[in-house]
1. Tell me the net charge near E287. Cut-off is 15 Å between Cβ atoms, E287 excluded, with +1 for each Lys or Arg and -1 for each Asp or Glu.
2. Where does helix 123-132 land angle-wise versus the long Cα axis of the chain, in degrees 0 to 90, nearest 10?
3. Based on the alpha carbons, how large is the Rg to Rh ratio for region 89-195 when Rh follows Kirkwood?
4. Can you give the translational diffusion coefficient of region 158-274 in µm²/s, computed by Stokes-Einstein from the Kirkwood radius over Cα pairs at 25 °C and 0.890 mPa s?
5. Placing +1 at every Lys and Arg Cβ and -1 at every Asp and Glu Cβ, with all other atoms neutral, what dipole size does region 358-412 have around its Cα centre, in debye to the nearest 20?
6. Can you tell which of L371, L207, L294 shows the greatest fluctuation in a Gaussian network model of the chain with Cα springs below 10 Å?
7. How far is helix 258-267 tilted, in degrees, relative to the longest principal axis of the Cα atoms in the chain, given as a value from 0 to 90 rounded to the nearest 10?
8. Express as a percent, rounded to the nearest 5, the fraction of DSSP beta bridges in the chain (both residues included) that run antiparallel.
Amino acid sequence: MDAMSQAKLIIKVGRLWDGLGGLPQEAMAVVVEGGRIALVARQAELSLSEDPGVEVLDFGDATLLPGLIDCHTHTNMPGTGLSVDQVHWDGDDIHLLEGVKSARMALESGVTTMRDNGGWNNVVFSLKEGIRREIVPGPRIVASGNPVTITGGHCWMMGSEADGVDGVRGAVRRLIKDGADFIKVMTSGGSTRGSMPERAAYTLEELKAIVEEAHLRGRLVAGHAIATQSIANCLDAGVDMIIHCNFMEPDGAERFDPKIAERIADLGSWVNPTLHVRKAATLKLEEKRERGELAVEEEKALSANLERVDRRKEVCSQLISCGVRVIGGSDCGWGAYPFGQFHQELRAMMEAGMSTAQALTSGTRDAAEALGLLDRVGTIEAGKEADLLVVNGDPSRDIDDLSRVVAVFREGIRVK
Ligand SMILES: [Zn+2]
């Protein structure tokens, strides 16, 4: 993004939500130069230079906000309801093509940075490189490559089964060699057939080795953790972000543990609760029921899902009440959650107790901090990369206005 991003651009909007904690400001302008934000000012204060090389875009009454940051996606997955066990058989070529589609959908919906939390073999690294070379459009991708998982553990088929302290150290080093920006580790089982979500996967010794290897090389660690024991292990090992955080006991029941929640809050670890992904599956089943097409076993799945959606919401509100830093990450691509609907996750976090401003912050500024990118993106401030989103309406009042996308800029280049 060189020649074009050197150009100077002025974006005028009716409302600016900069992600810095204040109320939206009216009649604002942002000056973009060389792909970065050069100046943020009131339109009235801006002396429009006569320079004919300056492009002025006036979006009238629309709202400008930082590009969204989705800290949990799976670009190789179609988000159509297929399981990871099913998608596995598509092979890498199809996984990459899915990735191309996912990246475009995410970008057009206003997501300018996304973390990919696990795909097959080196496919996500290839996708990231294809976007960097401008072969295909897409957000800035922060990639883990394959999740590190025990033999037969959650997502083992993606390619990084590793066991024992030496084995996991080797896996982390290999992933970083291949291009991993962060390490994703399955600290408990999950929905992959045969894995055990109610049990911790790695021993504490193995998990500590993973975190130590990653941190030694400047990489953050995100831990998928369904089981209560695996959440505790993440805290003991120094995992930076806890994903899902279900508090599932060995008997399969989910019981919130306030002591562990307090520890999460004290340590300042991020929690990415992934609320909407279960709801998306539920909505799909409800649509099927309305059409009278629901099979008997799907009827059972629907009522189990409805219960789990409520329980997840309840756990998330308790985490928020305990002062845990809860972060926006959709898990889209997984299950029946398609790309391009990140606002659904932010809405779900509001249903769990966040204010509209908190939800927006969790999908912009806080997400940038959690990914270690706050010096570059996440807010609208001079010096930051010009990753910007323009929407109709005012998402600081109605989060659904995030879906009324007018324009998206990545590093100052208009991509929608
Ligand atoms: Zn996921």
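Rule-based calculations on the coordinates, nothing more; no lab input. As the structure is a prediction and not an experimental result, all values here were calculated from the model. Using ideal geometry, Cβ is built from the backbone for each residue, glycine included, and neighbour counts are taken over all protein chains shown.
1. Values: positive: K279, K284, K288, R289, R291; negative: E286, E290, E293, E298, E299.
Combined, the nearby Lys, Arg, Asp and Glu give 0.
2. Result, in degrees: 10.
3. Details: Rg = 14.1 Å, Rh = 14.3 Å.
Reported Rg/Rh, Kirkwood definition of Rh: 0.99.
4. Details: Rh = 14.1 Å.
Once the numbers are plugged in, D ends up at 173 µm²/s.
5. On the way: 6 positive and 11 negative charges, 16 e Å.
In debye, rounded to 20, region 358-412 gives about 80.
6. For the chain, modelled as a Gaussian network with Cα springs under 10 Å, the answer is L294.
7. For 258-267 against the chain, the angle is about 50 degrees.
8. Values: 27 of 58 bridges.
Just about 45 percent of them are antiparallel.
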